[in-house]
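Engineer: Got a structure for you, written out below as structure tokens; questions coming shortly.
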Amino acid sequence: MATEASGTASLGRQAQADLPNRPDEWKIEQGLLGASLPILDQSAPEPRYVKPMEYEPFKDQAAIDSVGDRAKLFTEEREGWEGYIEWENYPEKKEAAHKILTSQNFPPPPEFQMGPIPGQNPVLEGVRWKQWHSAIGGPLTTMPDRSWEDVLKEKHKDMLHLLQFPYNGEAPKRLVTAAEITPNPLHFVRNHGGIPHIDKDKYSLQLDGLVKEPKNFTLAELQDESKFPRMEKLVTIQCSGTRRIEQINLYAGEGDEMINAPWAEGAIGTAKWVGVSLKKVIKACGGLVGGGKHLEFYGADTYFKKNQCMNYLVSVPWSKVKANEVMLAWEMNGEPLPKIHGYPLRVVVMGYIGARSVKWLYRIKALDMPSMAPVQSQEYLYFNQQTGKHNQLMTSGIQIQEMPVSSAIMSPWTKQIVIHNGSIHCKGWAYSGGGRWPERVEVSADGGFSWYAVDQGALSPKKKFAWRTWEIDLPCDVEGWIEIVCRCWDNSLNTQPLNVRAAWNWGLHVTSSAHRISIYSVNKSRDLTAKRLQDFEVRGVPFAPLTVPTEWAIQSFDDYNKYFKEHGPRDAENEYDPKDLGED
Ligand SMILES: Nc1nc2c(c(=O)[nH]1)N[C@H]1C(S)=C(S)[C@@H](COP(=O)(O)O)O[C@H]1N2
Ligand SMILES: [Mo]
């Protein structure tokens, strides 16, 4: 018997049989539209379907108005700091923003993990984020438009915009590894909010917390070489979400965070950064006192999470700073930092996930514990495979700091048909975090059974905190679909798990399994293949698309008959003489 409950519809056996087809029934049945499937609840005596909540807009205008004048509440308080709102110093301001956000609702985020991913560029728009910003009002209202203008000004025209706002973009594969150093316009961008515009002459950095003498530094002071020796270093920054799309393509994840960027292999970039070692700046404040062990970085952008507004805060341990592996940088590849990359000053934490390299840095606070701020404590966690949405405790994930060893094939593309002369030219990158570096890159043309090492001469130079780009002519004899795989061995002989599932993570961070692509091999060094391709050419018929039938016979019946004359007909003769068995 069918029972009804709010938000759910339950179906008895008869009712299930009567269920009409949905639109796209066949696609749903074939697993091509996972997002359209209702949840099946078999825990009750009668199975039930749990349907998603319907979105009904709601807004309590009186409650919102009672908060006060938004234009006065949420102001830019520092001259020359456009788009910077201080949240961390004002609990009551956070409270007011919370009230505004909880006095209305916002449309649900788009489904793109279990449903088909949109095919446009920008792939996703960030509707909710835009609405959150205009809900708070004040200078945040125009942030989405202003930030998009910065993207168009500062980034390469061919960028793949995964999320328009907050902006998340990566360069297309052919450009990511075109050179060992990533030109600024092609360096990936991962933002959690709008892009503040900070006047360098009005800039200062606050250093406080568990240091002997809290101090403020202007940019000019930090750049004064008589006070702080200058540091210059080639560093790769990798977002822990790089290659996340491979995890998404297998299984959806992270229902508690918004997975804003369905990154492919391009959320990684390498630049020559110039700045000062944070260690020296801490020393200029008399060093750490009172059990100071962690440094918390404050970014001037506004981040929204679970109906709260905050600045972007994370931390790194003192041991990392002490090793001179944390830089405060103002220059990227010989230019002042682009606005989108943190102008005028950002952190560059070498060998750690990108999330710790805070942009638009305005404050550093020494703490005795890692930061409790949500970005540090609730995000960038590495879960066990069996941790689901309903079990996602902060403490069940490892906070990701050092990045593991990883690599990717950037050419050819997956699903590509490659005509070659017995070897396939492949290109890619390899990287290892924590101050380790790629020692060897191996590539396989048979799904990971046999491996060819990339020649040392075909790898870009070894650097302690940078990737190595590589290329190889990968021997391949076979015809048809093959799987090309690459993996890296770093100097500690760490290597990558062989498949995505071996390290699948509900949080969709750190997809570091050996990278696999499928290509269709057409090996022209085989006589028959060469002849056949020539045949296509003579007839003026393109070989593509692969799946279109060839309209002429590819073998004559003369050849067919000749073959059977030489090799015998299709069926084998019995070895015995039927007469011996008394037949006939
Ligand atoms: N203030 C601030 N800093 C930030 C972020 C941010 O959203 N706000 N994103 C972080 C993340 S997750 C990454 S991967 C890197 C990306 O640096 P990029 O945009 O310069 O490539 O910046 C980090 N620093
Ligand atoms: Mo990131």
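Engineer: What residue, of A220, A171, A179, is within 16 Å of ligand 1 (Cβ to nearest atom) and not aromatic (F, W, Y)?
Structural biologist: Values: A220 fails: within 16 Å of ligand 1 (Cβ to nearest atom); A179 fails: within 16 Å of ligand 1 (Cβ to nearest atom).
So the residue among A220, A171, A179 that is within 16 Å of ligand 1 (Cβ to nearest atom) and not aromatic (F, W, Y) is A171.
Engineer: Being open to solvent by less than 60 Å² (accessible area, probe 1.4 Å) and out of contact with any Ser or Thr (no Cβ under 6 Å at 6 or more places or on another chain) is the filter; apply it to the range 224-238 and report the residue that is nearest to G435 (Cα to Cα). Don't jump to the end; show me each part of the working.
Structural biologist: So the first thing to find is which residues in the range 224-238 are open to solvent by less than 60 Å² (accessible area, probe 1.4 Å), and the list is 224, 228, 231, 234-238.
Now restrict to residues that are out of contact with any Ser or Thr (no Cβ under 6 Å at 6 or more places or on another chain): 224, 228, 234-235, 238.
Numbers: D224: 28, F228: 23, L234: 12, V235: 10, Q238: 13 Å.
If we take residues in the range 224-238 being open to solvent by less than 60 Å² (accessible area, probe 1.4 Å) and out of contact with any Ser or Thr (no Cβ under 6 Å at 6 or more places or on another chain), then V235 is nearest to G435 (Cα to Cα).
Engineer: Restricting the search to the range 205-248, which residues are in a strand (DSSP E or B), of a type outside the set (S, T, Y) and within 16 Å of ligand 2 (Cβ to nearest atom)? Don't jump to the end; show me each part of the working.
Structural biologist: Going through the range 205-248, the residues in a strand (DSSP E or B) turn out to be 205-209, 211, 215-218, 230-238.
Add one more test, that the residue is of a type outside the set (S, T, Y), and what stays is 205-209, 211, 215-217, 230-235, 237-238.
Across the range 205-248, the qualifying residues are V235, I237, Q238.
Engineer: Next question. Please work out if H192 is touching a His at 6+ places or on another chain (Cβ under 8 Å) and under 19 Å from K359 (Cα atoms).
Structural biologist: On the way: touching a His at 6+ places or on another chain (Cβ under 8 Å): no; under 19 Å from K359 (Cα atoms): yes.
Here the answer is no, as H192 does not meet what is asked.
Engineer: Also, quick follow-up: Please work out which one of (1) over 23 Å from A329 (Cβ atoms); (2) within 13 Å of ligand 1 (Cβ to nearest atom) is the condition P185 fails and give its number.
Structural biologist: (1)
Engineer: Quick check on the range 80-96. Is at least one of its residues open to solvent by 10 Å² or more (accessible area, probe 1.4 Å), at pLDDT below 95 and either out of contact with any helix residue (DSSP H, G or I) (no Cβ under 7 Å at 6 or more places or on another chain) or basic (K, R) (or both)?
Structural biologist: no
Engineer: From A466, A458, which residue is at pLDDT 95 or above and more than 16 Å from ligand 1 (Cβ to nearest atom)? Write out each step before concluding.
Structural biologist: Details: A466 fails: more than 16 Å from ligand 1 (Cβ to nearest atom).
None of the other options fit; the residue is A458.
Engineer: Let me ask something additional. Out of curiosity, is V358 modelled with pLDDT of 95 or more, touching a helix residue (DSSP H, G or I) at 6+ places or on another chain (Cβ under 6 Å) and of a type in the set (V, I, T)? Even if it seems obvious, please write down each step before you answer.
Structural biologist: Values: modelled with pLDDT of 95 or more: yes; touching a helix residue (DSSP H, G or I) at 6+ places or on another chain (Cβ under 6 Å): no; of a type in the set (V, I, T): yes.
It is false that V358 is modelled with pLDDT of 95 or more, touching a helix residue (DSSP H, G or I) at 6+ places or on another chain (Cβ under 6 Å) and of a type in the set (V, I, T).
Engineer: Let me ask something else. Give me a count of the residues in the range 40-99 that are in a helix (DSSP H, G or I) and either of a type outside the set (K, R) or touching a Leu at 6+ places or on another chain (Cβ under 8 Å) (or both).
Structural biologist: Qualifying residue count for the region: 15.
Engineer: Also: For the range 405-524, list the strands (runs of 3 or more DSSP E) that sit wholly inside it and hold at least 3 residues that are outside the structural domain of T236 (by TED's automatic domain parsing) and out of contact with any His (no Cβ under 8 Å at 6 or more places or on another chain); which are they? Steps first, answer last, please.
Structural biologist: Details: elements: 406-411, 416-420, 423-431, 438-444, 468-475, 480-490, 515-523.
In the range 405-524, 416-420, 423-431, 438-444, 468-475, 480-490, 515-523 are the strands (runs of 3 or more DSSP E) which contain 3 or more residues that are outside the structural domain of T236 (by TED's automatic domain parsing) and out of contact with any His (no Cβ under 8 Å at 6 or more places or on another chain).
The values are calculated or read from the model by the stated rules, or taken from the named source; none is laboratory data. All figures in this text were calculated on a predicted structure; none of them were measured in a lab. Backbone-built Cβ (ideal geometry, glycine too); neighbour counts: all protein chains shown. In case anyone asks, the SASA skips ligands and DNA or RNA and just uses the protein heavy atoms, side chains included. Shrake-Rupley method; radii C 1.70, N 1.55, O 1.52, S 1.80 Å.
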